[in-house]
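Step one of this worksheet: look at the structure below.
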Amino acid sequence: MHRLRFLSTVFALSALALWAGAQAPAQAPLAAEQLKLFQSNRDLLERLVEHGVELANADTPVARVKACHESVKDLGRALRYAAESDDPDRVVELGDYLSNMIQKSLVPSIDDAQKIIPAGTDAEKELLDLTNRAAEDAKNFKQSIPFRGKIGDSTKVDETRTRLANASQSLTERKR
Amino acid sequence: MKCDAIQNRMLDLPNVAELPAELHAHVSGCELCTRFRERARALAADLAVLPAPSSELAKLAFLDSLIAAGPVIRTVPVSLDTGSTSLKDLFRKLPIRPLAGIAAAVLVGTGVWFTLPEPRPPVAKTEAPRHELLKKVVNWNTELAAVSAPKDRVAKLAGLAADLRGEARTLSKSAEKDDMLSLALMYDKVVAQGIVQQAEKMTLFNTPVAERQATIKLAMSELSQTASEVTALVPTASPKVQPLLQRIAKTARDGEARLLKVANGGA
């Protein structure tokens, strides 16, 4: 009787171990991950939406450049924070958004404004000032990406840095 | 005994015909040893004239003699127990405890082996997940920067509002109050300060009526969908965000009503 009980216990424990081993690792909860992403981007999203609405309501070329510049600054500040946090993936993500925003929004807006705004006007002066500041900001955002640590070791960050350098150069070329 | 010793010494001699002096003294006086000597001498003479046998035949004869002689040490017969043994008695005699121990160890070992993580080949580090809404908002801003006509802006803003609705739906069960409030405020801004304002400007920009109607219809459809979808989410949403979902639905309904007014020429 004792022998039977001993064997049954051993068998039951082994079966339990087999079952536990066969279990797949638990999947990360999607909703929790989504919430975490939203929370980490919430402030940035609020500012981008605000500046997006400003862009939609921009009635003058300078106002449009200004709204674009604000969006660029939102992304640039977030990029700088990611760089300070030594987060290469985030640097790549935000750096790519930033270079796109500069190349596809800010630079074309500046070009349009320079064509429309008459020389010698206050609007032109404001545009020049905005362009100079945008070029300086882009340069600073690019320089905020360190060459050391995890970020410095990442080849993807290198690519992002190159794209940002090109975007920054595009703005510098528009300075007067 | 003495005769035996003498006879053995005679056999050791190369030629029994020539006896040493010490043996000769005994043999000459001993009839038994004399006869032994004569026989030995006769045998030696006979052997000398015999032809030498083939070595092969000698070997075979030797082997035959060995086989014929049989084993030197014979197997001692074992007395078999002729008594009957039942299966039960046989099992009782088996060493159950060590066998059970081995079986148990094998089972436990197998179980542990299965629980061990499988060695995985080194994989390249995967990128951190990206927030889809952030990407979409950045894209909407890029697109908004590229358009200036109110009808185009309304269409882009309606797309942005749809993405905010999608995020509200995704987070309805897990969001904290502040998160949903943030979404509700963003949605307010996009609808009230964006879509409706740009829709109202369409009349100022002399947008053709057909285009205006089509744009407003598209935006109203989006707002209507938000109102119904978000309202449907309320019962299953986290209680702390239910009022905020209702607020989003109300913003959508209010926006829809204002767009209807614009569509009817009331802007």
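The values are calculated or read from the model by the stated rules, or taken from the named source; none is laboratory data. Owing to the predicted nature of the structure, the values given are computational and were not obtained by experimental measurement. A quick note on method: Cβ atoms are made from the backbone with ideal geometry, for glycine too, and the neighbour counts reach across all protein chains shown.
A few points about this structure:
- Taking first residues from region B:159-178 that are within 15 Å of B:ALA232 (Cα to Cα) and of a type in the set (Val, Ile, Thr) and partners that are at pLDDT 95 or above and surrounded by fewer than 24 Cβ atoms within 10 Å (Cβ to Cβ), no Cβ contact under 6 Å between residues at least 6 apart in sequence or on separate chains turns up.
- Residue within region B:157-165 that is farther than 15 Å from B:VAL137 by Cβ and either within 11 Å of chain A (Cβ to nearest Cβ) or among the polar types (S, T, N, Q) (or both) present: no
- Single residue of region B:147-156 satisfying the filter (more than 10 Å from every other protein chain (Cβ to nearest Cβ) and either modelled with pLDDT under 95 or within 44 Å of the chain's Cα centre (by Cα) (or both)) that is surrounded by the most Cβ atoms within 10 Å (Cβ to Cβ): B:LYS151
- Output for region A:56-69, where each listed residue is closer than 16 Å to B:ASN139 by Cβ and free of Cβ contacts under 8 Å to residues at least 24 places away in the same chain: A:ALA56, A:ALA67
- A:ILE102 being free of Cβ contacts under 8 Å to residues at least 60 places away in the same chain and either on the phi < 0 side of the Ramachandran plot or more than 11 Å from the chain's Cα centre (by Cα) (or both): no
- Flag for B:LEU144 being in a helix (DSSP H, G or I), under 49 Å from the mean Cα position of the chain (by Cα) and touching a residue at least 12 places away in the same chain (Cβ under 8 Å): no
- Checklist (1) among the β-branched types (Val, Ile, Thr); (2) under 26 Å from A:LYS36 (Cα atoms); (3) not in a helix (DSSP H, G or I) applied to B:THR207, failing item: (2)
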